[in-house]
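Here's the structure, in structure tokens; my notes come after.
The values are calculated or read from the model by the stated rules, or taken from the named source; none is laboratory data. Treat the numbers as computed from the prediction; the structure is a model and nothing was measured. Here Cβ is always computed from backbone atoms with ideal geometry, including for glycine, and neighbour counts include all displayed protein chains. Quick note on the areas: whole protein, heavy atoms, side chains included, nothing else; ligands and nucleic acids left out. Shrake-Rupley method; radii C 1.70, N 1.55, O 1.52, S 1.80 Å.
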Amino acid sequence: MSSTESVPRTRQLPADRFLNRELSWLDFNARVLELAEDESLPLLERVKFLAIFASNLDEFYMVRVAGLKRRQSMGLTVRSPDGLTIREQLELIRKRTQELVQRQANTFLKDIAPRLEAEGIRFVHWEDLDEAETRRLREYFRDQVFPVLTPLAVDPAHPFPYISGLSLNLAVIVRDPETGVSHFARVKVPNNVPRFVPVGPVDSTATFLPLEDLIAAHLPQLFPGLEVVSHHLFRVTRNADVEVEEDRDEDLLQALERELARRRFGPAVRLEVTETMDPQVLEVLLSEMEMRPEDVLQVPGLLDLSSLWALYDLDRPELKDEPFVPATHPRLSEGETPKSVFATLREGDVLVHHPYHSFATSVQRFIEQAAADPNVLAIKQTLYRTSGDSPIVTALIEAAEAGKQVVVLVEIKARFDEEANITWARSLERAGCHVVYGLIGLKTHCKTALVVRREHGVLRRYCHIGTGNYNPKTARIYEDLGILTADPRVGADLTDLFNTLTGYSRQTNYRMLMVAPHGIRTGLIEKIRREARNASEGKPASIRFKVNSLVDERIIDALYEASSAGVTIELLIRGICALRPGVPGLSENIRVRSIVGRFLEHSRAMNFFNAGEPEWWIGSADLMHRNLDRRVEVLLRVCDETARRELDDMFDRAMEPDIRCWELQGDGSWIHVGERDYQAELLQQVVGELAA
């Protein structure tokens with residue numbers, strides 16, 4: 001079945017069977033906000049979740065809302081799968097976002113800020129400072145801030161200035177005392193100066209003045225001879241989604257660099273203002289930036305709470321989660337001594353579960369040992385996102401310099417990491433690596449590495465396939481799975497896959513893999529239908545999925561049909577879910593849970609009972625159109641019995657009735673249930689294994 005065909009149905013499914021994906025994402029971010037509201041969490045962890053909520057919302061507007069507005073501007077009348085027009089979706093998003101931003105502000109102003117102050121961490125305004133503090137900050141302004149400020153007037157000789165995306169700005173009204181004529185001016189709050197200026201020493205206690213307050217107190221110095229009438233803070237969000245027109249005759253790197261330059265000038269999609277914003281000033285901003293009143297979000301208190309990340313760096317360990325050290329997988333060490341990854345994999349597969357298992361002593365060590373091993377002839381790897389000081393990239397460069405064949409597929413279209421990935425690609429090329437950028441029209445999102453090693457005159461292949469990026473920093477905060485294996489079938493599959501990615505092969509069938517865009521949707525639907533057939537024949541049948549998002553309508557419809565046939569379906573979905581669970585006659589056998597906590601649940605795993613011969617699959621693909629149709633994604637069948645038991649245990653634990661989570665209802669609402677911390681229990685389990 002092609003990816004464009006519908007799932008054949010045995011009966012008519014109701015038209016209202018899908019939830020809206022954009023509103024479902026806002027519900028996910030509301031769950032993040034609930035963690036900021038949770039008084040049982042350490043105080044700076046709550047601050048962290050406020051910052052995550054804010055940065056999540058920024059990206060949502062830069063990409064999802066921007067996409068809706070772009071389609072609206074093109075005059076498209078297409079409805080979402082749940083039947084909403086673009087205008088209706090934008091209005092619902094605006095109302096829901098305004099509610100959430102109000103909650104966020106109340107949480108900070110009325111709850112978290114007073115608690116911070118009780119712990120010696122304060123925010124003050126200019127008028128709160130004493131004489132010595134005022135004098136010291138005037139000197140700081142003169143030396144560190146004033147030289148980088150550029151007041152921009154708006155008049156017939158000075159057009160309205162460009163307002164960069166996500167920048168803080170002061171809209172200033174000044175008046176000429178001689179003529180009485182008022183003028184509009186804009187002052188950008190510089191982003192290369194700390195947003196929160198320390199009023200005094202920063203140690204276990206700290207007092208901060210927002211940078212915009214410091215600038216506002218010194219506006220007369222920026223407009224000498226004029227009277228400063230008023231000032232108002234605002235922030236603009238722009239469309240930041242890059243669309244590269246891929247042409248076989250044009251260098252993809254150059255095309256992407258051109259589009260990145262254009263990103264800065266994307267149309268404005270959101271205007272955040274304080275509640276005290278003057279209506280006339282707001283009217284000027286809307287007119288000059290070609291925005292509408294419905295694009296405005298009023299924010300009580302501070303704008304841009306993503307800046308609160310700076311507070312998390314304070315040395316106050318008692319206000320944070322207990323630190324933890326990821327454990328080396330017991331198969332990869334003997335006591336404190338690292339084992340050869342190759343020798344270990346010859347004995348059997350290793351399932352690693354990050355961040356509980358160390359990325360550095362498993363996946364990273366696999367690549368580093370391969371780079372240093374004189375018997376390794378070749379390393380082939382995909383890179384979607386990695387860290388700024390990536391030891392993985394360093395190892396690949398060293399391998400190439402040592403004369404090994406190194407092939408790296410760098411996905412330079414990875415959103416918001418494009419510039420970093422271009423830099424990595426050029427560094428790898430200079431070192432002699434073969435760098436490719438994937439297939440035209442597709443993002444390469446799979447997480448795969450293949451090592452070819454000569455052993456006793458025979459070539460043997462070692463592989464890693466994972467659910468997360470080759471990024472040692474996010475591997476400490478993202479929950480992900482990976483398989484390290486020497487299974488020759490997997491090695492043969494990855495060889496074929498890399499030949500497809502680097503050459504002209506059109507392979508679509510594999511032994512142990514399902515590969516998008518040709519194989520994952522059809523493969524999963526076939527397995528869902530197999531469970532439905534088994535249930536119809538009276539056999540035990542069950543399906544368990546763990547993904548970030550479930551949006552694809554064909555897979556959802558297949559799950560509805562399986563539920564109606566009697567298949568028990570359990571879904572762990574961190575973020576977006578367009579499926580309605582528990583609806584009589586449609587989905588009464590489907591349960592949906594979301595776990596949001598200290599670590600970002602990021603792994604993707606699928607389990608089918610298969611008449612008593614269970615199948616487990618793990619990989620990079622979420623169940624969304626972009627993953628299944630416009631990306632190269634990989635799911636690996638897990639055959640190692642120990643690994644399958646570990647996956648069973650992981651899922652069983654997550655679905656226990658008193659685990660703290662959110663459960664999705666048929667009307668689209670999420671209910672918070674349970675008190676046991678799933679992630680904390682996994683951490684304790686790893687600590688126990690180390691002690692043993």
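Data for the structure
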{"quantity": "Residue-level accessible surface for Glu368, protein heavy atoms, 1.4 Å, Å²", "calculated": "70 Å²"}
{"quantity": "Where labels lie 7 Å past Cα in the beta-carbon direction, separation of Asp315 and Asp677 in nm", "calculated": "2.5 nm"}
{"quantity": "Partner lysines for Lys320 [C-alpha distance under 29 Å; skip if fewer than 8 residues away on the same chain]", "calculated": "Lys48, Lys110, Lys473, Lys546"}
{"quantity": "Mean separation of Cα contacts under 8 Å (6+ apart) over length of the chain, as relative contact order %", "calculated": "12 percent"}
{"quantity": "Whole-Å distance, taken between Cα centres, linking segment 330-372 and segment 548-577", "calculated": "35 Å"}
{"quantity": "Amide H contacts under 5 Å for Val410, placed H, 5+ residues apart", "calculated": "Leu383, Val436"}
{"quantity": "In nm, spacing of pseudo-spin labels at Ser182 and Ala402 (7 Å Cα→C-beta vector)", "calculated": "7.0 nm"}
{"quantity": "Relative contact order %, segment 1-145, counting alpha carbon pairs below 8 Å whose residues are six or more apart", "calculated": "25 percent"}
{"quantity": "Thr485 accessible area, 1.4 Å probe, all protein chains in place, Å² to nearest 10", "calculated": "0 Å²"}
{"quantity": "Gyration tensor (alpha-carbon) shape descriptor, segment 577-692, a/c threshold 1.5", "calculated": "oblate"}
{"quantity": "Helix-only CD estimate at 222 nm, as mean residue ellipticity for the chain, using -39500 (n - 2.57) per DSSP H run (n ≥ 4)", "calculated": "-10500 deg cm²/dmol"}
{"quantity": "Share of carbon and sulfur in the accessible heavy-atom surface of the chain [1.4 Å probe, %]", "calculated": "49 percent"}
{"quantity": "Cβ-derived FRET efficiency at R0 41 Å, Ala153 paired with Glu133, nearest 0.05", "calculated": "0.85"}
{"quantity": "Gyration tensor (alpha-carbon) shape descriptor, the chain, a/c threshold 1.5", "calculated": "prolate"}
{"quantity": "Probe 1.4 Å - accessible area at Lys339, Å² to nearest ten", "calculated": "50 Å²"}
{"quantity": "Accessible area (Å², per residue) of segment 15-83, counting only protein heavy atoms and a probe of 1.4 Å", "calculated": "36 Å²"}
{"quantity": "Protection-proxy order for peptides 66-73, 27-34, each taking the mean of Cβ atoms within 10 Å per residue, highest first", "calculated": "27-34, 66-73"}
{"quantity": "Solvent exposure ordering (accessible area, 1.4 Å, most first) of Thr328, Thr237", "calculated": "Thr328, Thr237"}
{"quantity": "Using alpha-carbon coordinates, inclination of helix 279-288 to the longest axis of the chain, degrees", "calculated": "60 degrees"}
{"quantity": "Shape category assigned to segment 1-131 from the gyration tensor of Cα positions, a/c cut at 1.5", "calculated": "prolate"}
{"quantity": "Fraction of beta bridges assigned by DSSP in the chain that are antiparallel (%, nearest 5)", "calculated": "70 percent"}
{"quantity": "Karplus 3J(HN,Hα) series, Hz, for segment 662-678 with 6.51 cos²θ - 1.76 cosθ + 1.60 (x for Gly, Pro)", "calculated": "10, 10, 7, 9, x, 8, x, 7, 10, 10, 7, 9, x, 10, 6, 8, 4"}
{"quantity": "Other-chain or far-sequence residues with amide H under 5 Å of Leu166's (modelled H)", "calculated": "Val236, Thr237, Arg238"}
{"quantity": "For Lys447, residues with placed amide H under 5 Å, excluding near neighbours", "calculated": "Gly466, Ser620, Val634"}
{"quantity": "Cβ-derived FRET efficiency at R0 45 Å, Asp38 paired with Arg175, nearest 0.05", "calculated": "0.40"}
{"quantity": "Potential extension, Gln72-Glu45 segment - 0.36 nm per residue separation minus Cα distance", "calculated": "5.8 nm"}
{"quantity": "Approximate spin-label separation Ala420-Arg454, in nm, with each point projected 7 Å along Cα-to-Cβ", "calculated": "3.7 nm"}
{"quantity": "Set of aspartates and glutamates with alpha-carbon distance to Lys404 below 16 Å, sequence-local pairs under 8 removed", "calculated": "Glu368, Asp373, Glu429, Glu455"}
